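Notes for the one structure printed next.
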Amino acid sequence: MLFAFLHVLFVSVPCQLQTPAGPLCPQLAASVFYQHLAYYVPKIYCRGPNPAPQREDMLAQHILLGPMEWYLCGEDPAFGFPKLEQANKPSHLCGRVFKVGEPTYSCRDCAVDPTCVLCMECFLGSIHREHRYRMTTSGGGGFCDCGDTEAWKEGPYCQKHELNTSETAEEEVIEIQASCFKTLLTVEKSDTYYCMLFNDEVHTYEQVIYTLQKAVNCTQKEAIGFATTVDRDGRRSVRYGDFQYCDQAKSRNTSRQTKPLKVQVMHSSIVAHQSFGLKLLTWLGSVIGYSDGLRRILCQVGLQEGPDGENSSLVDKLMLYDSKLWKGARNVYHQLFMSSLLMDLKYKKLFAIRFARNYERLQSDFMKDDHDRELSIADLSIQIFTVPSLARMLITEENLMTTIIKTFMDHLRHRDIQGRFQFERYTALQAFKFRRVQSLILDLKYVLISKPTEWSDDLRRKFLEGFDAFLELLKCMQGMDPITRQVGQHIEMEPEWEAAFTLQMKLTLVISMMQDWCALDEKVLIEAYKKCLTVLMQCHSGFTDGEQPIVLSMCGHSVETIRYCVSQEKVSIHLPVSRLLAAVRLNRLINILELSPPMLIEHPLRCLVLCAQVHAGMWRRNGFSLVNQIYYYHNVKCRREMFDKDIVMLQTGVSMMDPNHFLMIMLSRFELYQIFSTPDYEKKIKKMFKEKVTFISTGERFSPGIGQVNATDEIKREIIHQLSIRPMAHSELVKALPEDENRETGMESVIEEVACFKKPGLTGRGLYELKPECAKNFNLYFYHFSRAEQSKVTKMTNTQIPLSALPPPALPPFCPLFASLVNILQSDVMLCIMGTILQWAVEHNGYAWSESMLQRVRVFYLKYSRDKDKAERKRKAEIARLRREKIMAQMSEMQRHFINENKELFQQTLEELDTSTSGAHENSPVISDAKLTALGPEQTRVAEPRQVVMCILCQEEQEVKVDSRAMVLAAFIQRSTVLSKNRNKITPDPEKYDPIFMHPDLSCGTHTGSCGHIMHAHCWQRYFDAVQAKEQRRQQRLRVHTSYDVENGEFLCPLCECLSNTVIPLLPPPRVLFNRSVWFINLLNKLKALHLLRNEDCASKFEEICLFVCENVTVFMEKTKHFDSSCIFCFRNPYSESIKEMLTTFGTATYKVGLKVHPNEEDPRVPIMCWGSCAYTIQTIERILADEDKPLFGHLPCRQVRNKWQSLSELVEKRGTCALLVKNIYILTLVPNEKNGNLPCILDIDMFHLLVSLVLSFPAIHCQDFSGVSLGTGDLHLFHLVTMAHIVQILLTSSTGNAIVSTSVAQRTCGCSIPGGWHLWRNLKAGIMPFLRCSALFFHYLNGVPAPSEIQVNGANQFEHLCSYLSLPNNLTCLFQENSEILNTLIESYARESNKLIDLPDDYSCLINQASNFSCPKSGGDKSRAPTLCLVCGTMLCSQSYCCQTELEGEDVGACTAHTYTCGSGVGIFLRVRECQVLFLAGKTKGCFYPPPYLDDYGETDQGLRRGNPLHLCKERFKKIQKLWQQHSITEEIGHAQEANQTLVGIDWQHL
């Protein structure tokens, strides 16, 4: 086709090539060009073992395609193609070919069928945007139907493709003699070959990779690359060389488990021309986009018959050769077909005729093919058969209906003796083929989906021919899979039943559409009815073997029937012919009958009896296969064409016969006929009769044609009874209602009349609740209720459903043809049955009746006695009240008796309570009502509280003391980037990294959380040892990834099952007030001692730092003029060994997790990591409270507890602390010193981390007894120093020069003209507030001073209250009295902004569109199959794919897992765009799925995008996800999810 088109171009386009002898004739030009291709193509493509597509495409463009473009345009293509495009008059059809995953839209109000879709651009510019629409993602291959008037009832054009009313005459296309170029010229060929591996849908990735490694001796990475390319393009060369070398690899392609891979040895020249052919196809598709004339030329050439006659056109040959092509070639030429042949109705019609004529062969090729239907030419049927005019034309001219049905039946050849389908237990290959055969049913559905408005004689005739073929299909299904009741021994092997029901479910909509077509024309309807009767008679003649006639007599009536016992004979649940007859008769109420009424009802009645016997437990030995069949028989997927039609058929039979005769036949089939003459009843009789009376009491009238109702009344009744069970979500209601061929239930038109919608909260989904006024339409014995639903409704009658709703509601009148059904109520046999039941009820020892039977009889005939029921309920309530009062009186008497017997004990307890209360008041802290101060000389005195806690494991209480056994909190430590301002920062080598200074960008911190549950240290140790032992006892092959990793020290909290990896010891508060002069004396002495210990000859910069610090601190301190060099403090650690051990445990865990190194408790970085974790956790909490606009000391997150921070403050007995303090204080002197260049710049230090390190390391310098004098004064001076340093940071990072303050802004803010100083002060306050808030939290929990009430709530003057609490002057410039000149610099804000998740669009389709444009970064522009969006940084990733796997710590991981380590320190939050699903990942082995923040109009998520309702962002739910991230609760959420759902544990999260 390619070269034929090129030949036409050379012949038809005016010649532009010049030679020295003159213009070149077209035929000669074509010949020269063919020689040019034959020579250069093998030299450009496939020149070695490793293809270079970029180089090949560049050479092909310059050497091969460039000359054609010049010849076509007659000038430079850069100018020629725009001219063609400008002069082009394009088709009014959009024709945009959808990419995989691209969003598509279908209007539920205007689309002719669900396959009519719009692209996003056309949808946004159309009227359908304001209608009810459905949003889905394309599987690739379809195109936009904008501009197709047959696809839309209204608004076929968008604004872009509005029909141009100026008619233009179609250009005359030159008549072309298509002499197709068939063979390339023979050129010199090198004897090189390729071993080509082809794609199939049988082998998995792992199987292909394993086989490649063995066959071609490649590495696993190379094999993964080969497999990825094969999956993407359809083929890949795995070897290059001579024939023997390539054939050797092919011969190794064997496997015992699966069939061999599809491999061919191909000559390199052939591969080269094939590669260029694909390139040329793509080029051809782009060229015809410039000119509609070129597109029509291509269509003419492709459809022109060749010299061989039928099927000799290029289009026919490509279609018939489709199954032999590989994946990449198919995709390219399918898209070319859609952009050319299907863009014009004239050529689309011609192509449809060719497609219909070759339909049988195309489907046969597809059955043998190993590719999915999306990659087959057969999939284009949806583009042809769904066009109404084409479908009816193909039915009339090509007899398409008959062709499809006969092709379908030809592929189902397994039949029994009577010609019925026989589905035995399929092998894998047979099951694969059966799944493919089902696609033909979809084609039949597409043909019938658009109903005709006008009938021609040819259409009637061809439709009835197709109807005959369809009846033959149903005849093969009538009575298939018959079953016989198993007696004695249980069935050994479950029979195959799924295939038959799968076929029934697939045909359900087709059967309904056949009925609708028949109902549109009276002639067709009558003929269809006669044909159904004829086929049903043929079926009956084959089912009556061995059935003997008998006569039944009762109450003076007798009827002749056949002897048949369902529990002993064969019976089938599949009766499609009988049900189709019932439906056809119902459409126009035809009163033509050739079968007797008893024969009409015989098989449907047997089916209902079978269901009743199964429910009665008579068929239990037949296994679950029969139970499942009965379930689907009543299920909404099948009941419209099974259970409901059986009811209609029985009603049809009853309306045409004596009701006494009908009841006697029914009693006989239910095996209850002898019940009135035999006194011995079995228990099954009771159950069987209940089923029978249930059926009798549901003389359904809410079916159009039976009763005088319409479809709206029917659906309204269904909704009422569904909502009577419980409030339901929109998706649940849709699933509970039958759908039509357009996937509509009709619910939206009536739901507002019967239900109220309740919007969802942060969790859950929106629910519909039944309106109280609709309860009167409720029927307790609704015939569509399953047994489980019936049981639920019965239990709810006393609580939720009013008693007045229990009697059945008034029924609509019958249609005239079924009016005789009411006669059954006054028949003699019915009165006899009812009388017998009532007689059983009054008998003293009657056991054959049940209350349920009597209830049904009452509902059938009588009204409930409401007054009697109310009196009965009132009597029972009074009895219950008296019983409760009696029990309460007994309990009170027992309490009084116990107190009287133990008066002395109670008196002693009261005295102890009074003593402890008075003592508590005496030792209570002296707290001023005016001011509370957290640190410094004015620190508020707080007594050490007595803390008694209980162990959650042994339930023993213990007071927290320094010398007692350790009490610990379960805690979880994790690396975090939640506050990071630089996620691209390269992590240094952990072995050499010095964490002494935290950078202000907080690129990676260490967060500590706790659930707050307390245990004894020894109890926890025993628990953890037991968890480890349990893990070790499990066999290695059974060890799957659990929600916790024992090898890394992880465990679950014994109480709440929160994930934990360490414990924090509980410690009493250590600090009391002391004289601040002692602090400075001790500090200076220690610094001098450090200096004297150094050798003067080896003086270093460090010694100079020490002396310099001493001098500067001396100048800074007040009232410190005398020093006592003899002041010596002795260090004494008061903590018990148990507490020391737990302190070491926590410190080592923080060190290990924070630095990602092996544990080493002797490393001097251990305390530094602990202090850093404390600081980072406080900063995280402060940011969360600020973002949520909550008070600073309000409700803290559940995993942050006071005891944790108190315990962290005691981790100071580590080496290297003195050097740390000296270096930090040197930074705080704020005096430049050129001799110390190794220290970081002041701008490279996070001041709050520095403050925590200084305060917590200070006791080691002081060497004081922890139970002795306070360090509060030292804390104050350190805090002042760090605060000044932070102010300097704000100054240095601000712009210099005069601050420009808008006068209007100033006036709006304060109501007056304010100078620039106000702007300076306002920004300074804003910049330092996060630091002050963190400091307040820190010192509050460190020193135990209560927070003032003013900062416990949100309000004004928070800055002043924080300064007062922290012993800071309200005017911070007072700290710089000696350097007041700094204040002359005007600054802007230094406030730290909170990190947040990325902003998401309101409309989810924007994300789908973004994902559809995303290409895999490692697959040469191939579209990603699972595009996944990182919600932390906004990066789009190619997830769950071998192509983007990377090596991480010696293991191959997917793109998402690798991204978590660079973006979130191992924790990540992602949105899987195609699935609309949030993914949480933590490490390589932990993950879970989480509901997305996108909801439809009914308050539901749509994970998997199955429903297609428009989705919009729910900001509250997105804030909840963001809160989980900010609180570091992602890992905890994963742990809870995996514990609740064990299937999550088995997922290989590292491959995502």
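The values are calculated or read from the model by the stated rules, or taken from the named source; none is laboratory data. Source: prediction; values computed, not measured. Cβ placement follows ideal geometry from the backbone for every residue including glycine, while neighbour counts extend to all protein chains displayed. The area values use the complete protein model at the heavy-atom level, side chains included, leaving out ligands, DNA and RNA. Shrake-Rupley method; radii C 1.70, N 1.55, O 1.52, S 1.80 Å.
Projecting the Cα atoms of Cys1488, Gln1526, Thr1446 onto the dipole axis of region 1437-1552, where Lys and Arg carry +1 and Asp and Glu carry -1 at the beta carbon, places Gln1526 farthest toward the positive end. Between Asp1402 and Ile270, full extension at 0.36 nm per residue minus the direct alpha carbon distance yields a gain of 402.4 nm. Per residue, region 423-514 exposes an accessible area of 44 Å² to a 1.4 Å probe, with every protein chain left in place.
Surface analysis of region 59-150 yields an accessible area of 42 Å² per residue, using protein heavy atoms and a 1.4 Å probe. Evaluated on region 278-430, the Kirkwood hydrodynamic radius is 17.1 Å, with distances taken between all distinct Cα atoms.
Using label points projected 7 Å from each Cα along Cα→Cβ, tell me how many nm separate Ala1326 and Glu569, to one decimal. Spacing of the two 7 Å Cα→Cβ label points: 9.0 nm. Between Ser820 and Gln708, the modelled label-to-label distance comes to 2.0 nm, taking each label 7 Å out from Cα in the direction of the beta carbon.
Of the solvent-accessible surface of region 729-798, computed with a 1.4 Å probe and all protein chains present, 51% belongs to carbon and sulfur. For region 943-1036, the Kirkwood estimate of the hydrodynamic radius, built from every pair of different alpha carbons, is 17.2 Å.
Solvent-accessible area assigned to carbon and sulfur over region 1446-1519 amounts to 48 percent, based on a 1.4 Å probe.
Computed over protein heavy atoms with a 1.4 Å probe, the accessible surface of region 930-1047 works out to 54 Å² per residue. A cut-off under 9 angstrom between Cβ atoms defines the neighbours of Thr137, and their net charge, with Lys, Arg +1 and Asp, Glu -1, is 0. Applying 1/(1 + (r/R0)^6) with r as the Cβ-Cβ distance of Gln61 and Arg1425 and R0 = 25 angstrom yields a FRET efficiency of 0.30. In a fully extended conformation the segment linking Asn1413 and Glu201 would gain 433.8 nm over its present Cα-Cα distance, using 0.36 nm per residue. Counting every pair of alpha carbons in region 1457-1552, the share spaced more than 18 Å apart comes to 47 percent. Taken one residue at a time, the phi angles of region 724-737 give Karplus couplings (6.51, -1.76, 1.60, θ = phi - 60°) of 6, 6, 5, x, 10, 6, 4, 5, 5, 5, 4, 5, 7, 10 Hz. Gly and Pro are set to x.
Solvent-accessible area assigned to carbon and sulfur over region 312-355 amounts to 60 percent, based on a 1.4 Å probe. Under the simplified labelling scheme, the Ser364-Ala877 pair shows an inter-label distance of 7.8 nm, with each label point 7 Å from Cα along Cα→Cβ.
Estimated at 0.36 nm per residue, the fully extended path between His557 and Glu1188 surpasses their Cα-Cα distance by 219.0 nm. Tell me the relative contact order for region 944-1048 as a rounded percent, counting alpha carbon contacts under 8 Å between residues six or more apart. After rounding, I find 32 percent.
With R₀ fixed at 60 Å, the C-beta to C-beta distance from Met537 to Phe243 puts the FRET efficiency at about 0.35. The Cβ shell under 10 Å around Ser1465 holds other residues with a net charge of +3, Lys and Arg each +1, Asp and Glu each -1.
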